[in-house]
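Here's the structure we're looking at; comments come further down.
The values are calculated or read from the model by the stated rules, or taken from the named source; none is laboratory data. Treat the numbers as computed from the prediction; the structure is a model and nothing was measured. Ideal geometry is used to build each Cβ from the backbone, glycine not excepted, and the neighbour counts take in all protein chains shown.
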Ligand code: NAD
């Protein structure tokens, strides 16, 4: 029996699920709930996450007050995708002595796009004797950790191709906005140009994780994005997409080593692909000796998968040295199966 002290920071679709799953394990307490949404502030966490018993914990935006309580716990951080946006939150958490598990996509390997920020986080985490880990379903698992694990029985590898055909429906407004879901094609193109629509966040990180694990130096990375236009009406808890509007983004990333294509990651992400007869799935092919081909159908569910990846990391964090860590530093990721006794 553990007595983990957890702060839930960011109570959107993912953060709420993470809080519920942690409570189901009955291995500690949620000691703080932080969100900036005026609709959530001042309400009991139990009400926000749909927990059957009162938790006597009010959601607040006063992060520093929550963090200033006795340290020694972990933050489940689910507020944003980008290192620059979560940086102040991570720095504050570390300053007050908390470990951080974040699902911010860029934080799965922040050294790729923002090496100076990664270094600052790493330095502060070491000074404070704390761990910062970026995880999630993707990046965090399907198109990187799982790919790396599949290379274990290979003698040699020429190329890796991995594709995730997924349903975006479980994700909240943050993901819908970054994918351009619900926009017109013109708005999508403008969003790509001005950076408000980015498609999948995390390709450079996944490429980096795989290349680092295999000792490949990537001399060039290229990314391609195009809108997936709905022919049928599509609907999720967070968005309605009328025919002719954008249902998602087909995003491809390629990594070259010594001028040769060695990594190809393909990710058509959309709301409700089933509405148009498209099946979801995860596919990995390692071309080498031996060639290994894996298919998972349907996809590993993105929402549940992300929630589980973050909560399953809680007992593994103790195995990591202080500092900024990645999924490559963890022992083999695994499920944490403790459940509340009914
Ligand atoms: P969401 O939009 O449903 O929720 C985000 C929540 O964070 C909201 O409640 C919002 O009010 C809160 N928030 C935003 N900024 C805040 C701040 N500065 N302080 C406190 N609270 C703040 O999004 P979601 O679907 O829950 O996803 C959360 C993030 O995780 C997104 O950026 C998403 O892209 C990312 N994500 C990553 C993975 C992965 O595989 N790595 C998977 C799913 C989601």
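Summary table
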read-out	value
Residue that is farthest from the ligand (Cβ to nearest atom) [pool: residues in segment 162-180 that are part of a loop (DSSP other than H, G, I, E, B) and either under 14 Å from residue 268 (Cα atoms) or at pLDDT 95 or above (or both)]	180
Selection within segment 95-124 - without any contact (Cβ under 8 Å) to a residue 24 or more places away in the chain and within 16 Å of the ligand (Cβ to nearest atom)	none
Number of the exception - residue 159 against (1) crowded, with 17+ Cβ neighbours inside 10 Å; (2) touching a residue at least 40 places away in the same chain (Cβ under 8 Å); (3) away from the ligand (no atom under 16 Å from the Cβ)	(1)
Condition met for residue 74 (touching a strand residue (DSSP E or B) at 6+ places or on another chain (Cβ under 7 Å), within 20 Å of residue 237 (Cα to Cα) and crowded, with 21+ Cβ neighbours inside 10 Å)	no
Residues located in segment 216-244, provided they are surrounded by 15 or more Cβ atoms within 10 Å (Cβ to Cβ) and within 14 Å of residue 168 (Cβ to Cβ)	227, 228, 230, 234, 236, 238, 239, 241
Counted residues, segment 10-35 - those being part of a loop (DSSP other than H, G, I, E, B) and touching a helix residue (DSSP H, G or I) at 6+ places or on another chain (Cβ under 9 Å)	4
Members of segment 52-84 that are within 10 Å of the ligand (Cβ to nearest atom), part of a loop (DSSP other than H, G, I, E, B) and either within 22 Å of the chain's Cα centre (by Cα) or touching a residue at least 60 places away in the same chain (Cβ under 8 Å) (or both)	78, 79, 80, 81, 82
Residue in segment 279-287 that is buried (at least 16 other Cβ atoms within 10 Å of the Cβ), farther than 30 Å from residue 6 by Cβ, within 16 Å of the ligand (Cβ to nearest atom) and at pLDDT 95 or above present	yes
Subset of segment 208-251 [in contact with a strand residue (DSSP E or B) (Cβ under 8 Å, 6 or more places away or on another chain), in contact (Cβ under 8 Å) with a residue 60 or more places away in the chain and under 24 Å from residue 150 (Cα atoms)]	210, 214
Subset of segment 14-30 that is within 16 Å of the ligand (Cβ to nearest atom) and either over 19 Å from residue 89 (Cα atoms) or surrounded by fewer than 17 Cβ atoms within 10 Å (Cβ to Cβ) (or both) - its residue that is nearest to the chain's Cα centre (by Cα)	17
Scope segment 122-145; condition touching a strand residue (DSSP E or B) at 6+ places or on another chain (Cβ under 9 Å), outside any loop (DSSP other than H, G, I, E, B) and crowded, with 21+ Cβ neighbours inside 10 Å; matching residues	125, 131, 132, 133, 134
Residue within segment 31-38 that is away from the ligand (no atom under 13 Å from the Cβ), more than 16 Å from the chain's Cα centre (by Cα) and at pLDDT below 95 present	no
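Yes or no, residue by residue, for (1) within 16 Å of residue 77 (Cα to Cα); (2) within 13 Å of the ligand (Cβ to nearest atom); (3) under 21 Å from the mean Cα position of the chain (by Cα):
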residue: 290; (1), (2), (3): no, no, no
residue: 299; (1), (2), (3): no, yes, yes
residue: 308; (1), (2), (3): yes, yes, yes
residue: 313; (1), (2), (3): yes, yes, yes
residue: 316; (1), (2), (3): no, no, yes
